[in-house]
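A short worksheet on the structure shown next.
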Amino acid sequence: MRYICLIYNSTDTDGTLTPDETAELIKAHFAFDEELSREGIMIHSDALEMPDTATVLRVRNNTLSATDGPYVETKEHLAGFYVIEAPDMVKAKEIAGRIPSASYGAVELRPVRTLTLPD
């Protein structure tokens, strides 16, 4: 089954890592990516740009509106994600718990729902 691991960083700690700490965190992510790839677990991963680069799109009454970020009042923001393959939630939790950024923020783990067209 596929799972998505959503990495959240706190706005209180963003930008507080030293350049050396940031470099170590990035290296740890690359090593983790390689490990998951070797194990056949990795489907995809990426980091996201900061929230102030986001745009939220909404369609209401057939009219598209766009709002530039940051757009929500929150202490955490989505910073990146992994899509992994795991046999069950227990194994997925073990994998997600090894994501390097979990030491600085939080990781939300969710099963991916596969949608199909009705007959």
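Taking chymotrypsin sites (Phe, Trp or Tyr not before Pro) across the stretch 20-119, the ones in a DSSP loop with at most 13 further Cβ atoms lying within 10 angstrom of their Cβ are Tyr71. In a GNM of the chain with a 10 Å cut-off on Cα contacts, which of Leu17, Leu78, Leu48 has the highest mean-square fluctuation? Its mean-square fluctuation being the largest, the pick is Leu17. Rank Leu117, Met42, Gly80 by how far each Cα sits towards the positive end of the charge dipole of the chain (+1 on Lys, Arg Cβ; -1 on Asp, Glu Cβ) and give me just the farthest. Farthest towards the positive pole: Leu117. Shape analysis of the chain yields a ratio of the Cα radius of gyration to the Kirkwood radius, Rg/Rh, of 1.03.
Selection among Pro100, Val90, Ile7 by position relative to the dipole of the chain gives Val90 as farthest towards the positive end (Cβ unit charges, Cα centre). Put a plus charge on the Cβ of each Lys and Arg, a minus charge on the Cβ of each Asp and Glu, and nothing anywhere else: the dipole of the chain about its Cα centre is then about 520 debye. The residues neighbouring Asp14, those whose beta-carbon lies less than 14 Å from its own, together hold a net charge of -4 under the Lys/Arg +1, Asp/Glu -1 convention.
Every number here is computed from the coordinates shown, using simple stated rules; none is lab data. These figures come from a predicted structure and were not determined experimentally. No Cβ is skipped: glycine too gets one built from the backbone with ideal geometry, and neighbour counts run over all protein chains shown.
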